[in-house]
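The block underneath contains the structure these notes are about, expressed in structure tokens.
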Amino acid sequence: MGAIKLSTIKQTSEDKQRLEMFEQLVGIDEQKNKLLTHLEWIMRPLNTSNWLKEHHPDGLELANRIKKIPRLIILSGDVGCGKTELSNYVGTKLSQLLEDEPVFVHRAPSDLRGSGLVGDLANRMTAMFESVKSESTRGDYHILIIDEADDVSSSREGEEQHHEDRTGVNALIKEIDKLVDVSARIAVIMISNRTSSFDPAIMRRSAIEIKFHRPSKPELADILRSLCSGLKLDEKELQTLVNICANKSPRFTYSDLFNRVALPVLLNAIRNDVPFSYDKLKEALENTEPSPQFKDHGNE
Ligand SMILES: Nc1ncnc2c1ncn2[C@@H]1O[C@H](COP(=O)(O)OP(=O)(O)OP(=O)(O)O)[C@@H](O)[C@H]1O
Ligand SMILES: [Mg+2]
């Protein structure tokens, strides 16, 4: 079986810097909450006994399924909207929610496909899941992150689909199914810009697809307020900045706003030994083109 090297980090609630980075991801509260809620449900299935006693004393068959909640969560959507960043820090926040239990976060290697030899992808896929399972013991909490997952999960339906890819997807599906019976709690997060190309059998195995999109007007206001905290802007100035952004088509990504607009303004201010200013930020917002949109069904 092909060797596989996962990068694993033990994330604990004591890691202040990771928690700060998690909080500093602005404008994606809905995605954060959905992800944390589902991870918590996977890690600690709800105890239904009191609820059943009160509301369904004669029993409710559906409640038995709580323990079988699918272990897969998909993060999808446009580029530069925080999918990878959120997956980097969510383990620490989850650890806090699980009353300080450590959470082990494993990242699939970027060369998961291997050398392209027949059977290589399927073997490496199986080896990756085996590796996570071998590092876990009963009661541990683990997250396996497969970023840029369209590379290894595209639909087996197409005529053009290579045999190698089909067996890789088969292996992935089998491994996801097996997780339900593993005593350690293992969640899998798959991240992609292109879920429309995913195999339907993978999509149906996910507990939820959490979609990311470019910031809308209210989210833009939150981001700009965060970027300008310390500048004492009045509402009218803030609204001017929001309108500049809202009138762009496509709109800015989160990454554009932080890394391609605000950061160069900050670096110039430091280099020229002048304050970070509203005027320079406004000018940069006006003069920067948003990065091109990643076209896929579901990406606005
Ligand atoms: N919600 C956010 N708040 C603050 N910064 C953000 C946010 N989203 C993204 N960023 C910034 O943009 C950069 C890119 O984000 P990230 O790598 O998570 O994007 P992505 O959604 O994974 O994009 P891609 O689909 O291209 O991989 C991050 O390093 C971070 O600096
Ligand atoms: Mg990414």
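Please give the peptides 53-64, 278-289 ranked by average Cβ packing (other Cβ atoms within 10 Å per residue), highest first, as a rough proxy for protection.
Numbers: 53-64: 9.6, 278-289: 15.2.
Order by mean packing, descending: 278-289, 53-64.
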Simple spin-label model, 7 Å along Cα-to-Cβ: L267 to K5 in nm? 3.0 nm
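With each run of n ≥ 4 DSSP H residues scored as -39500 (n - 2.57), what mean residue ellipticity at 222 nm is computed for the chain after dividing by its residue count and rounding to the nearest 500 deg cm²/dmol? Walk me through the numbers before you get to the answer.
Values: 12 runs with 127 residues, N = 300.
Value at 222 nm, helices only, nearest 500: -12500 deg cm²/dmol.
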Two-decimal Rg to Rh for region 217-287 - Kirkwood Rh, Cα set: 0.94
For Q293 paired with R138, estimate the spin-label separation in nm (one decimal), with each label point 7 Å from Cα along the Cα-to-Cβ line. 5.2 nm
Label point distance in nm, V180-D279, each placed 7 Å from Cα along Cα→Cβ: 6.4 nm
Rounded to the nearest 10 degrees, the helix 278-287 long axis (Cα) sits at an angle to the longest Cα principal axis of the chain of 70 degrees
Would you be so kind as to identify which of L257, Q96, S153 lies farthest towards the positive end of the dipole of the chain, taking Lys and Arg as +1 and Asp and Glu as -1 on Cβ and the Cα centre as origin? Q96
Between region 200-216 and region 105-176, how many Å separate their Cα centres? 18 Å
Could you give the dipole magnitude of the chain about its Cα centre, charging the beta-carbon of Lys and Arg +1 and that of Asp and Glu -1, in debye to the nearest 20? 340 debye
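Using the Cα centre as the reference, give the magnitude of the dipole from point charges on the C-beta atoms of region 217-287 (Lys, Arg: +1; Asp, Glu: -1; all else neutral), rounded to the nearest 20 debye. Working shown, then result.
Values: 10 positive and 10 negative charges, 26 e Å.
Its charge dipole is roughly 120 debye.
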Taking the chain as the reference, fit the longest principal axis to its C-alpha atoms, fit the long axis of helix 163-178 to the helix C-alpha atoms, and give the angle between the two in degrees, 0 to 90, nearest 10. 80 degrees
Would you mind ranking E135, E23 by Cβ crowding within 10 Å, fewest neighbours first? E23, E135
Could you calculate the FRET efficiency of T48 with N243 from 1/(1 + (r/R0)^6), where r is the beta carbon distance between them and R0 is 45 Å, rounded to 0.05? 0.40
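Filter the cross-link list K5/K83; K133/K174; K32/K282; K5/K93; K211/K295; K32/K295 down to pairs whose alpha-carbon distance in this structure exceeds 18 Å.
Numbers: K5/K83 22 Å; K133/K174 14 Å; K32/K282 29 Å; K5/K93 25 Å; K211/K295 14 Å; K32/K295 24 Å.
The answer is K5/K83; K32/K282; K5/K93; K32/K295.
Quick check: residue separation of T84 and R204 times 0.36 nm, minus the Cα distance between them. What number comes out in nm? Let's see the in-between values first.
On the way: separation 120, 0.36 × 120 = 43.20 nm, distance 2.22 nm.
Result for the pair: 41.0 nm of gain on full extension.
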Residue farthest toward the positive end of the dipole of the chain, with Cβ of Lys/Arg at +1 and Asp/Glu at -1: which of Q293, S196, P109? P109
Prolate/oblate/rounded label for region 254-300 (Cα gyration tensor, a/c 1.5): prolate
Heads up, the chain by the C-alpha gyration tensor (a ≥ b ≥ c square roots of eigenvalues; a/c under 1.5 rounded, else a/b over b/c prolate, else oblate) looks prolate
By count of other Cβ within 10 Å, fewest leading, how are R44, R71, R194 ordered? R44, R194, R71
By the Cα gyration tensor axes a ≥ b ≥ c (a/c under 1.5 gives rounded; else a/b larger than b/c gives prolate, otherwise oblate), the shape of region 156-300 is prolate
So what is the relative contact order for the chain, in percent, with contacts set as C-alpha pairs under 8 Å and at least six apart? 25 percent
Going toward the positive end of the dipole of the chain, with +1 on Lys and Arg Cβ and -1 on Asp and Glu Cβ, which of L241, I223, L281 do you reach last? I223
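Readers should treat all values here as calculations from the given coordinates under stated rules, not as data from a laboratory. Everything numeric here is computed off the predicted structure, so don't read it as measured data. Please note: Cβ atoms are built from the backbone with ideal geometry, for glycine as well, and neighbour counts cover all protein chains shown.
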